[in-house]
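Asks: Take this structure first; my questions come after.
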Amino acid sequence: MSLLDDPEVSMKQVVNLLRIDPALSAEILRVSNSALYGLKNRVDNVSHAVVVLGSDTVKRIALTAALGRFSRRFMKNKSLKVCWDHSVAGGFIGEELAKLLDGPVDRAYTAGLLHDVGRLAILACYPDEYGNMLEVARENDFDELECERQLFDIDHCAAGDWLARSWNLPEDITAAIANHHDWTPEDSSVVSIVAAANKLADVLGFNVLPMPNESTIEDALEGLPFPDPDKACERFENFEDEIRQAISSLSPA
């Protein structure tokens with residue numbers, strides 16, 4: 001993340017770092033050759049992936065693959081995998097919102113992907129306990145954050161904020177992680193985009209808990225300054241299938 005956030009760093013330096021980690025390099029190649037990108041010729045090394053897909057795409061694959069490794073422990077549990085699906089959906093929705101708002105596309109994907117990293121961290125440490133908590137919250141319509149605080153002494157927003165600061169992530173990404181449940185979208189900043197992406201992921205069917213009401217795409221995007229709000233809503237009407245294809249390709253093998 002430190003390298004990718006530095007505009008002075010060459011992609012060669014990033015590739016050299018990725019090569020040090022054979023497992024991460026293998027994940028990048030697996031995803032590069034998946035149906036998500038539909039390449040005619042096989043990509044056989046990380047440098048080749050950069051040439052064919054572009055450095056920004058390889059950055060996103062590398063970050064997603066790393067987060068997938070972080071989440072691998074609970075991925076086989078269907079009721080817990082929805083947490084991973086929601087995170088990936090947040091990344092792709094954040095990226096698309098940034099394009100429509102002429103905002104920071106690469107940063108919006110990163111922040112959207114990581115917005116629930118606190119939840120994934122708690123899950124990685126306590127998969128059974130967190131899974132049981134989710135089941136109780138689903139059945140009884142309990143407040144998720146309050147349940148987390150009662151059981152783990154911290155909710156996933158605060159856990160994510162702590163992790164982001166420990167990892168020295170950029171301030172806007174840290175703020176997006178910490179405030180994605182209570183921020184009111186109002187501009188094209190990363191924090192507003194991620195707050196809207198979190199809501200829209202739920203509306204599109206990537207919700208961790210049942211939706212409390214019949215929210216719509218329009219509701220999720222309310223407050224964002226789109227040049228053409230109707231066009232923005234239309235873009236997301238069939239976006240669920242695109243996200244599911246991405247999840248299928250990006251989920252750890």
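Asks: Check off (1) within 18 Å of Ala164 (Cβ to Cβ); (2) crowded, with 19+ Cβ neighbours inside 10 Å for Ile93 and give me the number that stays unchecked.
Replies: (1)
Asks: Separate question: Collect the residues in segment 194-217 that are without any contact (Cβ under 8 Å) to a residue 24 or more places away in the chain and among the aliphatic types (A, V, I, L, M), keeping them in residue-number order.
Replies: Ala195, Val203, Met211, Ile217, listed by residue number.
Asks: Considering each of Ser79, Ser87 in turn, give the residue that is modelled with pLDDT under 95, within 22 Å of His156 (Cα to Cα) and among the small types (Gly, Ala, Ser).
Replies: Step by step, each of Ser79, Ser87 is checked, and only Ser79 is modelled with pLDDT under 95, within 22 Å of His156 (Cα to Cα) and among the small types (Gly, Ala, Ser).
Asks: Conditions first: (1) over 20 Å from the mean Cα position of the chain (by Cα); (2) closer than 17 Å to Ser249 by Cβ. Val50 passes all but one, so which condition is the exception?
Replies: For Val50, the exception is condition (2).
Asks: Could you check Thr64 against (1) surrounded by 15 or more Cβ atoms within 10 Å (Cβ to Cβ); (2) at pLDDT below 90; (3) in a helix (DSSP H, G or I) and say which number it fails?
Replies: Of the numbered conditions (1) surrounded by 15 or more Cβ atoms within 10 Å (Cβ to Cβ); (2) at pLDDT below 90; (3) in a helix (DSSP H, G or I), the odd one out for Thr64 is (2).
Matching residues to (1) in contact with a helix residue (DSSP H, G or I) (Cβ under 9 Å, 6 or more places away or on another chain); (2) closer than 30 Å to Asn132 by Cβ; (3) surrounded by 15 or more Cβ atoms within 10 Å (Cβ to Cβ):
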{"site": "Leu36", "(1), (2), (3)": "yes, no, yes"}
{"site": "Leu39", "(1), (2), (3)": "yes, no, no"}
{"site": "Asn45", "(1), (2), (3)": "yes, no, no"}
{"site": "Phe74", "(1), (2), (3)": "yes, yes, yes"}
{"site": "His86", "(1), (2), (3)": "yes, yes, yes"}
{"site": "Leu100", "(1), (2), (3)": "yes, no, yes"}
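Asks: Looking only at segment 3-20, count every residue that is in a loop (DSSP other than H, G, I, E, B) and either more than 22 Å from the chain's Cα centre (by Cα) or under 17 Å from Tyr109 (Cβ atoms) (or both) and tell me the total.
Replies: 7
Asks: Looking at Val14, Val9, can you tell me which residue is surrounded by 12 or more Cβ atoms within 10 Å (Cβ to Cβ), touching a Leu at 6+ places or on another chain (Cβ under 6 Å) and free of Cβ contacts under 8 Å to residues at least 24 places away in the same chain?
Replies: Val9 is the lone residue from the list that is surrounded by 12 or more Cβ atoms within 10 Å (Cβ to Cβ), touching a Leu at 6+ places or on another chain (Cβ under 6 Å) and free of Cβ contacts under 8 Å to residues at least 24 places away in the same chain.
The values are calculated or read from the model by the stated rules, or taken from the named source; none is laboratory data. Just so we're clear, the structure is a prediction, and the values are computed from it rather than from any experiment. Note: ideal-geometry Cβ built from the backbone for every residue, glycine included; neighbour counts use all protein chains shown.
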